[in-house]
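I have placed the structure first, in the form of structure tokens, so that the comments after it can refer back to it.
We did not get these values from a lab; they are worked out from the coordinates using the rules stated. Source: prediction; values computed, not measured.
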Amino acid sequence: MVLALAVAVLEMSSSYLVTKNIHEDAPVVTKLQIVIDAPIDSVWKVFADVNRWPQWQKEIPGSKINGPFKAGTSFDWKTHGLTIHSTFHTVESNAKVGWSGPAFGSFAIHNWYFIKQGNKTVVKVEESMEGWLVWLLSASFNL
């Protein structure tokens, strides 16, 4: 009972700064990069099809966009047992996608960058995660 009350108070009292940039001071910050042997238009087309993310992202068993692929549109997705409701803050064709959203005990900001490199595409992703649950479990989030 006390634990449930503590969790409820933490959830109700949590507030997060919604920005387009990740929070470098968050308990968990991840930055990754990959080079894909495909033209940027092809990579963008696959990425922009949010409903098919589970086909190429093994950590996302479900995703559904709630409108067109543009800034201001929300989408729902699942990862690591959490259901997350996120909203795109940036969609720049063949260049950048960013979103943020809360999940139980957490808040994340994700930004993806697409860079043409000849006939290949460099994809960079950065993410910040914060919140009381992330703070408690931060060691298990770090890659």
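Computed quantities for the displayed model
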quantity	calculated
Rounded to whole Hz, the Karplus (6.51, -1.76, 1.60) HN-Hα couplings of the stretch 42-57, x for glycine and proline	5, 5, 4, 4, 5, 5, 5, 8, 4, 5, 9, 3, x, 6, 10, 10
Across LYS70/LYS124; LYS31/LYS58; LYS45/LYS124; LYS78/LYS116; LYS31/LYS64, pairs whose alpha-carbon gap is larger than 23 Å	LYS78/LYS116; LYS31/LYS64
